[in-house]
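*Asks:* Questions regarding the structure given below will be posed in turn.
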Amino acid sequence: MNYPKIFNKLLLFLLLILAIQCKTDKQNALPERPNILFIMSDDHAYQAISAYSDHLIQTPNIDRIADEGMKFTNACVTNSICAPSRAVILTGKHSHLNGKIDNRFPFDTNQITFPQILQNNGYQTAMFGKLHFGNSPKGFDQFKILPGQGTYYNPDFITKNDGRINIEGYTSDLITDMTLDWLTEERQEDEPFLLMYLHKAPHREWLPHKRHSKDYINKTFPEPETLFDDYEGRGSAAREAEMNLLTHMNWAGDSKIPPEVMDELGISPTANWDKIGYKRSVGRLTPGQRADWDKIYSPMIEEFKKNYPNMSKEDLMKWRYQRYMQDYLGSIAAVDDGVGEVLDYLDESGLAENTIVVYTSDQGFYLGEHGWFDKRFIYNESFKTPLLVRWPGVIDPGSVNTQMVQNLDFAQTFLDVAGVSAPTDMQGESILPLFQGDTKNFRDAVYYHYYEYPAVHMVKRHYGIVTEDYKLAHFYYDVDEWELYDRKKDLNEMNNVYNDPAYADIVAQLKESLQELRVKYKDSPELDQMYIDKYKEMGYIKS
Ligand code: SGN
Ligand code: CA
């Protein structure tokens, strides 16, 4: 049919209006007061989530959140260590302001946290699993938390209603069960919820459940390119850190060589808590659990006894890497199972539609990169952290965001999605616009500051600035060293180009921006010194 041209134009115009309308509808019509399921594991490296990289492990359930939601590839923390990260998440403030600069300083419980605000605004709140500090988290209608680091088997829990209890079983499964029980038995139909489901795994000492260890103990994993890094391209902090798989990982506590076998082979402990670590973890098993454990671990120990006398340093490093991966990845498998069960429950109960699901870790972790385990550094594996978010109808399935989001942003993001205004002294930025695909006007640089030194693993104090392209860090206290990495050209951060004249302009610009960030976030040389002085007061360092 031949319409006059004016009709075609009119039709085009109407279609255009309709398209614009649909887009604004999607941006405006946010579901009101959605539920928030915040899942966090402890020390879960993004390298060990198949949505990020499938060379080590398949995590099909965690991947569902990425497939049905958004994967953040540049999510990072402000201070790569457990308790400080959690304090940043709860308060929405950097460590130097919330005061929990390291694992040892107390957390000031008079501070306002986002769960308290949500609770005051009609959210039902619950927390299960590892918090790491305190024994009565404020702002929760219900909680069962592990004391301190918690244990892998037969854990104690500090509970809101029944004091301290002990439960027999595998901790990751128990935390999942508590979470599911709360959803089925205690959740109020007429209130939105904030549910914090916090795994202890895969934190050291990496004890998998037997349903996983029986397979993982026989697997062989690809080695990272930098397993034998000599740190030549970096500064003294990398050389002096005590995180090396060969020289600092515990033989008994971590590699699960029983103390008496160490003695038999003449292996010296790598630290004075090496053998204690084994007694504390494997020593906790019930006789039945221990029999299952021995059945699975004995062949590995026998094989090692046979081979050890002829192993070179290089062989030992490779062996320790495999042993580490078998237990570390094996203990992630139960986390993935648990996430699957909880996601299934959300589907079956119809809650999935109106629930934001977040999966993250308190920081990243080294899986043999640069020869290391542990975290702490501003370098990628520890500075970055996994972040996957699903929100049906708001976040497009399978989307990817590369922006510099931080654990500092959770508090304001959750308050924003709940329609509650955040206290003005919170320091993050809501990432809600990023969920909706609006990537403009978001920060392009983040601030980082690590303090716990001298202490276990001996990672020197440092602060720095990170953009999508560069990373500039200043190591201080017992050194005064700067490092610059070109994040696009040097993916493994092997070459400190701080003194390369080609980067002189970049260094100057970044130093200026770093100073601006220090001022913006209210950090300063005076605060740096104050926290050093506090270490002296507490006897952590000698004056
Ligand atoms: C323990 C671990 C360390 C780890 C810290 C902090 N040693 O001290 O390896 O860095 O916790 O971890 S262990 O032999 O006791 O396992 S954090 O995740 O809590 O920050
Ligand atoms: Ca941790």
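The values are calculated or read from the model by the stated rules, or taken from the named source; none is laboratory data. Bear in mind the structure is a predicted one, so any value in this text is a computation, not a measurement. When we count neighbours, we look across all protein chains shown, and the Cβ atoms used for this are built from the backbone with ideal geometry, even at glycine.
*Asks:* Go through the stretch 84-94 and report how many residues are farther than 13 Å from R376 by Cβ and either in the same structural domain as R518 (by TED's automatic domain parsing) or within 14 Å of ligand 1 (Cβ to nearest atom) (or both).
*Replies:* 4
*Asks:* Given the criterion assigned to a loop (DSSP other than H, G, I, E, B), of a type outside the set (G, A, S) and closer than 30 Å to D254 by Cβ, identify the matching residue among D438, D396, D425, D374.
*Replies:* D374
*Asks:* Filter the stretch 339-359 down to residues that are touching a strand residue (DSSP E or B) at 6+ places or on another chain (Cβ under 8 Å) and assigned to a helix (DSSP H, G or I), then give me how many there are.
*Replies:* Within the stretch 339-359, residues that are touching a strand residue (DSSP E or B) at 6+ places or on another chain (Cβ under 8 Å) and assigned to a helix (DSSP H, G or I) number 5.
*Asks:* Quick check on the stretch 154-198: of everything there that is assigned to a helix (DSSP H, G or I) and polar (S, T, N, Q), which residue is surrounded by the fewest Cβ atoms within 10 Å (Cβ to Cβ)?
*Replies:* Of everything passing the filter in the stretch 154-198, T184 is surrounded by the fewest Cβ atoms within 10 Å (Cβ to Cβ).
*Asks:* Mind checking which residues of the stretch 517-543 are among the polar types (S, T, N, Q) and touching a helix residue (DSSP H, G or I) at 6+ places or on another chain (Cβ under 8 Å)?
*Replies:* S524, S543
*Asks:* Something else: Output the number of the condition that Y328 fails; it satisfies all remaining conditions of (1) without any contact (Cβ under 8 Å) to a residue 24 or more places away in the chain; (2) among the hydroxyl-bearing types (S, T, Y); (3) assigned to a helix (DSSP H, G or I); (4) buried (at least 19 other Cβ atoms within 10 Å of the Cβ).
*Replies:* (1)
*Asks:* Now for a separate question. Specify which of the listed residues (Y366, Y448) is within 16 Å of ligand 1 (Cβ to nearest atom), in the same structural domain as P115 (by TED's automatic domain parsing) and in contact with a strand residue (DSSP E or B) (Cβ under 6 Å, 6 or more places away or on another chain).
*Replies:* Being within 16 Å of ligand 1 (Cβ to nearest atom), in the same structural domain as P115 (by TED's automatic domain parsing) and in contact with a strand residue (DSSP E or B) (Cβ under 6 Å, 6 or more places away or on another chain) holds for just one of Y366, Y448, which is Y366.
*Asks:* What pairs come up if the first residue lies in the stretch 345-365 and is under 23 Å from I332 (Cα atoms) and among the hydrophobic types (A, V, I, L, M, F, W, C), the second is part of a loop (DSSP other than H, G, I, E, B) and more than 16 Å from ligand 1 (Cβ to nearest atom), and their beta carbons are under 8 Å apart, counting only those six or more places apart or on different chains?
*Replies:* Once the first residue is under 23 Å from I332 (Cα atoms) and among the hydrophobic types (A, V, I, L, M, F, W, C) and sits in the stretch 345-365, its partners that are part of a loop (DSSP other than H, G, I, E, B) and more than 16 Å from ligand 1 (Cβ to nearest atom) give I356/P34; I356/W391; V357/G69; V357/W391.
Conditions tested, residue by residue: (1) within 16 Å of ligand 2 (Cβ to nearest atom); (2) acidic (D, E).
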residue: Q403; (1), (2): no, no
residue: H457; (1), (2): yes, no
residue: A473; (1), (2): no, no
residue: D478; (1), (2): no, yes
residue: W482; (1), (2): no, no
residue: R487; (1), (2): no, no
residue: Q509; (1), (2): no, no
residue: E512; (1), (2): no, yes
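*Asks:* Where residues in the stretch 143-153 are part of a strand (DSSP E or B) and in contact with a helix residue (DSSP H, G or I) (Cβ under 6 Å, 6 or more places away or on another chain), which of them is nearest to T286 (Cα to Cα)?
*Replies:* Restricting to residues being part of a strand (DSSP E or B) and in contact with a helix residue (DSSP H, G or I) (Cβ under 6 Å, 6 or more places away or on another chain), the top hit is Y153.
*Asks:* Sticking with this structure for a sec: Exactly one condition in (1) in contact with a strand residue (DSSP E or B) (Cβ under 7 Å, 6 or more places away or on another chain); (2) surrounded by 21 or more Cβ atoms within 10 Å (Cβ to Cβ); (3) outside any loop (DSSP other than H, G, I, E, B) is false for A201; which is it?
*Replies:* The one condition A201 does not meet is (3).
*Asks:* Scan (1) in contact with a strand residue (DSSP E or B) (Cβ under 7 Å, 6 or more places away or on another chain); (2) in a loop (DSSP other than H, G, I, E, B) for the single condition Q289 breaks and write down its number.
*Replies:* (2)
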